[in-house]
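Okay, structure first, notes after.
No lab work stands behind these numbers, since they all come straight from the coordinates. Remember, it's a predicted structure, so these values are computed and weren't measured experimentally. Using ideal geometry, Cβ is built from the backbone for each residue, glycine included, and neighbour counts are taken over all protein chains shown.
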Amino acid sequence: MVVSTLLKMIILFSWLLWLLYLFCLPKAIHIFQQESYQIRDYLRWIYKNPKQAFGGGFQQFIVCVIYFIIMCLTYIGISKMKLTQNEKDIIYIVQLFLYYIVFAVANIKNIVKWKKERKNAKKKLVYTARVKRLIFFTFIALIVIIFSVMEVGYSGTSHEMFLLDAYAKKILVYSLLIYTMPIVLIFGAIFAFPTETLINDHYINSARFKILRPKYKNLIRIGITGSYGKTSTKFILKTILSEKYNVLATPESYNTTMGNVKVIREELKPEHEILISEMGARYRGDISKICDFVYPQIGMITSIGPQHLESFKTVENVAKTKSELIRAIPKRNEMNLTNMYGVADKSNQKKCAIFLPSDGSFCSKLYQEEKERNKFSYGINDKNASVYAKDIKMSAKGSEFIAVTSIGEIKCVSKLLGELNIQNILGAIAIAVFLGLSKEQIARGISKIEAVEHRLQIIPNANGSVVIDDAFNSNPEGSKMALEVLKNFEGRKIIITPGMVELGAKEVEYNKEFGRHMAKCVDIAILVGIKRSRPIEEGLLENGFDNMNIHVVTNLEEATRKLAMLTMPGDVILFENDLPDNYNE
């Protein structure tokens with residue numbers, strides 16, 4: 001009777017372990033969400049960060065294996081003792097209870113640790129409907145795994161209870177599943193894939209049908225993509241065009257398929273005259289997916305460079321992907337948008353064109369190759385471009401220049417810093433001229449442009465120092481511009497950076513070059529990440545930078561403490577890139 005009652009309690013306890021597992025899942029889901037729910041990117045993260053992925057679970061698994069061995073040795077010892085079978089059974093069950101307690105304590109310790117990490121994360125885990133579905137399907141995957149690898153239930157025999165009873169073995173299985181939780185989540189994502197595809201297709205079709213309604217037939221749709229500069233250009237363009245039109249732009253860095261879908265479904269109104277869609281990509285075909293329901297009439301590629309090379313592999317592949325936007329723009333005497341009844345709407349036919357920077361590289365090549373669409377170029381000091389800048393003056397307060405356009409010269413005064421921002425403004429001017437804004441409207445719009453958060457944003461400090469916040473997603477061209485901007489300031493110059501990521505096999509090379517360039521522009525370098533920042537340090541030293549002025553720290557929190565010790569009034573501090581949590585060492 002006692003044995004039977006204790007076993008029923010163990011059965012109940014074993015089922016409670018499922019709840020503990022559900023509390024463990026958010027650790028893996030948090031990373032999966034930051035990798036945009038892409039299994040390929042998530043697997044790459046696991047491969048590059050095995051310690052972060054499996055560390056806590058591995059420790060728990062080892063603890064349970066050690067206890068398992070201890071119980072085996074105890075069983076052998078007890079089996080030789082002169083005790084009744086009932087007394088042996090009670091000892092086995094007590095040991096089993098202790099085993100469950102050891103497992104639960106180790107598990108709860110990890111849950112508390114992982115919850116603290118999420119609480120301190122820069123980007124919090126958001127429990128969206130998709131995350132809740134992922135938890136459900138991962139739970140289903142767990143049940144399938146459990147039933148396929150072990151016998152569930154008590155056999156009813158009391159002999160050799162520890163070694164033969166399924167509930168004793170179950171703890172090892174649970175420990176192993178928590179250790180391999182990042183992999184278990186992938187099975188959950190695979191189980192969820194058909195459902196997510198159906199849901200996404202439903203929302204995409206909903207956005208498509210909305211934009212095809214007759215009341216949106218005069219909506220001018222602008223697509224912006226590029227390796228870098230697309231978010232800044234989007235806000236620049238919105239500010240200028242708002243001088244004449246009612247403009248809706250995707251907020252913040254919304255540039256994914258579902259991000260664009262959300263904006264169209266929830267925010268687009270009949271009173272909007274222009275929709276600006278930012279289009280991001282990690283893989284071939286990503287831009288086409290967005291174009292398939294946005295139907296852009298105007299397309300701009302801000303830049304093509306070494307970004308997301310871990311997935312694209314080569315810059316040539318980046319160029320092919322970005323050019324998907326060009327192919328989506330209607331050719332001359334052609335429209336790519338039909339109304340709800342399948343009838344082509346040619347009312348905006350003259351408002352179709354592509355805009356490319358005159359950069360002497362991939363964008364210039366795409367411009368030269370394009371023969372079938374209206375096209376315009378823009379560039380700095382390129383008199384052959386449709387719009388170009390001359391008489392450029394840059395300082396710590398902003399920039400001034402003359403924009404030469406088909407409607408005449410426009411004097412431009414902007415708070416934005418850096419040459420690349422001037423180029424972004426020129427691209428926006430080119431589209432504004434194309435859409436009929438006057439010189440006065442364009443100049444007034446440029447004067448109203450504010451720096452985008454974390455993109456060369458100037459933040460005065462209370463202690464008399466100045467912070468240049470360029471913490472968003474650094475790249476080779478952007479980092480060079482940030483250093484050039486830093487040079488325009490007076491005072492001692494300090495940089496805090498973890499370097500650049502997602503550059504594939506070229507990452508070390510680009511970061512070393514970043515260090516070489518940095519050596520000419522800064523007085524103190526605070527490098528974040530012991531391993532990741534090593535190429536930057538090598539580049540600094542190669543160019544004769546004083547080793548005493550290089551400070552390598554493990555994370556941003558430590559960097560902030562180091563900065564507080566070093567900074568003085570009058571210092572200028574550049575924060576160049578701030579890696580998301582999934583890149584922590």
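When the P(r) of the stretch 454-585 is calculated, the portion above 24 Å amounts to 18% of the C-alpha pairs.
Taking Cα atoms only, the orientation of helix 2-34 departs from the longest principal axis of the chain by about 10 degrees. Can you check what the net charge comes to around His454, using other residues whose Cβ is under 12 Å from the Cβ of His454 (Lys, Arg +1; Asp, Glu -1)? Local charge sum for His454: -4. With the convex hull constructed from alpha-carbon coordinates only, the chain shows a mean projected area of 32.4 nm² over all directions. Between the stretch 253-317 and the stretch 74-110, the alpha-carbon centres lie 59 Å apart. Once C-alpha pairs closer than 8 Å and six or more residues apart are averaged by separation and normalised to the residue number of the stretch 436-543, the relative contact order reads 21 percent.
Kindly rank 305-311, 103-109 from highest to lowest mean number of other beta carbons found within 10 Å of each residue. Don't skip to the end; give the middle numbers.
Numbers: 305-311: 21.1, 103-109: 17.3.
Per-residue Cβ counts within 10 Å, averaged per peptide and sorted highest first, yield 305-311, 103-109.
Take each peptide in 480-493, 229-242, count the other Cβ atoms within 10 Å of every residue, and average; sorted highest first, the result is 229-242, 480-493.
A simple spin-label model places the labels of Lys119 and Lys531 2.8 nm from each other, with each point 7 Å out along Cα-to-Cβ. Rounded to the nearest 10 degrees, the angle from helix 50-79 to the longest Cα principal axis of the chain is 0 degrees.
When the chain is described by a simple charge dipole with +1 on each Lys and Arg Cβ and -1 on each Asp and Glu Cβ, the residue from Tyr21, Leu437, Ile274 located farthest towards its positive end is Ile274. Distance from the Cα centroid of the stretch 114-139 to that of the stretch 475-537 is 32 Å (rounded to whole angstrom). Principal axis extents of the C-alpha atoms in the stretch 469-537 (largest first, rounded to whole Å): 36, 22, 19. In terms of the mean number of neighbouring beta-carbon atoms within 10 Å, the peptides 201-207, 516-522, 318-324 order highest first as 318-324, 516-522, 201-207.
Could you compute the FRET efficiency for Gln38 and Met81, with r as their C-beta to C-beta distance and R0 at 35 Å, rounded to 0.05?
Using R0 = 35 Å, I get an efficiency of 0.05.
Axis angle, to the nearest 10 degrees, between helix 476-487 and the longest C-alpha principal axis of the chain: 70 degrees. Charged side chains reduced to their Cβ positions (Lys and Arg at +1, Asp and Glu at -1) give the stretch 212-378 a dipole of some 380 debye around its Cα centre. Placing a pseudo-label 7 Å from each Cα along the Cα-to-Cβ vector at Leu268 and Arg133 gives an inter-label distance of 2.1 nm. Cross-link check: pairs Lys238/Lys262; Lys124/Lys493; Lys48/Lys531; Lys322/Lys393; Lys289/Lys439; Lys27/Lys132 evaluated at a Cα-Cα cut-off of 24 Å; pairs beyond the cut-off: Lys124/Lys493; Lys322/Lys393; Lys289/Lys439. Dipole magnitude for the chain: computed about the Cα centre from +1 point charges on Lys and Arg Cβ and -1 point charges on Asp and Glu Cβ, it is near 1160 debye. DSSP bridge analysis restricted to the chain gives an antiparallel fraction near 30%, rounded to the nearest 5. Normalised by 2.2 N^0.38 Å, where N counts its residues, the alpha-carbon radius of gyration of the stretch 212-378 equals 0.98. Dipole magnitude for the stretch 457-583: computed about the Cα centre from +1 point charges on Lys and Arg Cβ and -1 point charges on Asp and Glu Cβ, it is near 240 debye.
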